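The values are calculated or read from the model by the stated rules, or taken from the named source; none is laboratory data. Treat the numbers as computed from the prediction; the structure is a model and nothing was measured. Methodologically, a virtual Cβ is constructed for each residue, glycine included, from the backbone with ideal geometry; neighbour enumeration extends over all protein chains shown. Surface areas here come from the heavy atoms of the whole protein model, side chains and all, with no ligands, DNA or RNA. Shrake-Rupley method; radii C 1.70, N 1.55, O 1.52, S 1.80 Å.
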Amino acid sequence: MAKIYHIQLDRKMIRNAKVAILPGDPGRVIKIGKNLSPKSRELAFNREYRSYLVPVGKKENILVVSTGIGGPSTAICIEELAVLGVTTFVRIGTTGSIQKSLKVGDVVITSGSVRLDGTSTHYAPLSYPAIPDFFVTRILVEAAEKAGISFKVGITASSDTFYPGQERYDSFTGYVIRDFQGSMKEWQKLNVLNYEMESSALFTTVSALGLRAGCIAGVIVSRASTEKIKKIDVKRAEDNTIEVIRKSIPKLISL
Ligand code: URA
């Protein structure tokens, strides 16, 4: 079998891996892979898609593959991994929290996403829910409890854009179109926990394909008090989410 176009992987290379851990950032793939196993190794790196094969358990392997930012590249990644036999997709991302109760470093485990993206509408109409797999989510919750990491389970607003769709005014023009003016306040009132950019495409695509997905994200900025993102907070969020993933692997591979 030839390598699949975007991710540049074939069945032989992925050694029967059924679980893929999906960060957005290709740079984070190495950190996650090495943390999960010192024996992990790079398989391919094409465009935004960097992949690591990670030996886990007795004889199993999982993948860590970056999706790039946003729905379109995430959906490509999922489609191509699914063709190769991957059945469980767990996003590990970063996020901006919008509720005061969530601090930087906390972890959000998404129970459903507001579909502020376009990609998911190519897979299912807007009336279709963007929700993760219950069993994957339960594993992530138990892993966070076991790790002793502060977390919340709830609704995520998943936006195609980092600036207007997440109502950020610290942009080039500082302009946010009317549709999104006041939207952060509304999501706060509706008990949405956070903003990120991939979960709605992930959940909708994976559900439409009849496969399983989950999503955790570490809070790198608490939008209820500031717009400033600090490197030290990004590291904390990364470390905490990696720890949750590490603890969830034994159960994820036996799903
Ligand atoms: N990722 C997002 O999409 N939004 C944030 O505020 C932080 C990370």
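Being more than 14 Å from the ligand (Cβ to nearest atom), in a strand (DSSP E or B) and open to solvent by less than 10 Å² (accessible area, probe 1.4 Å) is the filter here; which residues of region 65-111 pass it? Hits for region 65-111 are VAL65, THR88, PHE89, VAL90, ILE109.
Listed here are the residues, each with its yes/no results for (1) more than 20 Å from LEU81 (Cβ to Cβ); (2) basic (Lys, Arg).
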{"position": "ALA213", "(1), (2)": "no, no"}
{"position": "ILE216", "(1), (2)": "no, no"}
{"position": "LYS228", "(1), (2)": "yes, yes"}
{"position": "LYS235", "(1), (2)": "yes, yes"}
{"position": "ASN240", "(1), (2)": "yes, no"}
{"position": "LEU252", "(1), (2)": "no, no"}
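Filter region 175-206 down to the residues that are within 12 Å of the ligand (Cβ to nearest atom) and assigned to a helix (DSSP H, G or I), then identify the one that is farthest from GLY154 (Cα to Cα). This residue is MET184. Of all residues in region 220-246 being farther than 12 Å from THR94 by Cβ and touching a Phe, Trp or Tyr at 6+ places or on another chain (Cβ under 9 Å), which is nearest to the ligand (Cβ to nearest atom)? The selected residue is ARG223. So which residues in region 1-44 are assigned to a loop (DSSP other than H, G, I, E, B), more than 15 Å from VAL86 (Cβ to Cβ) and among the aliphatic types (A, V, I, L, M), if there are any at all? ALA2 - this is the single residue of region 1-44 that is assigned to a loop (DSSP other than H, G, I, E, B), more than 15 Å from VAL86 (Cβ to Cβ) and among the aliphatic types (A, V, I, L, M). Scanning region 152-174 for residues that are more than 16 Å from the chain's Cα centre (by Cα) and more than 14 Å from the ligand (Cβ to nearest atom) returns PHE172, THR173, GLY174. Of the residues screened, ILE149 is not one that is modelled with pLDDT of 95 or more and within 16 Å of the ligand (Cβ to nearest atom). Within region 46-58, does at least one residue satisfy the condition of being within 13 Å of the ligand (Cβ to nearest atom) and touching a helix residue (DSSP H, G or I) at 6+ places or on another chain (Cβ under 9 Å)? No, region 46-58 contains no residue that is within 13 Å of the ligand (Cβ to nearest atom) and touching a helix residue (DSSP H, G or I) at 6+ places or on another chain (Cβ under 9 Å).
Among the conditions (1) within 14 Å of the ligand (Cβ to nearest atom); (2) surrounded by fewer than 23 Cβ atoms within 10 Å (Cβ to Cβ), the only one that ASP10 does not satisfy is (1).
If you go through region 36-64 and keep only what is among the aromatic types (Phe, Trp, Tyr) and buried (at least 23 other Cβ atoms within 10 Å of the Cβ), you end up with TYR49, TYR52. When you look at ARG236, is it closer than 23 Å to ILE78 by Cα, open to solvent by 50 Å² or more (accessible area, probe 1.4 Å) and either in a loop (DSSP other than H, G, I, E, B) or touching a residue at least 12 places away in the same chain (Cβ under 8 Å) (or both), yes or no? Answer is no for this residue.
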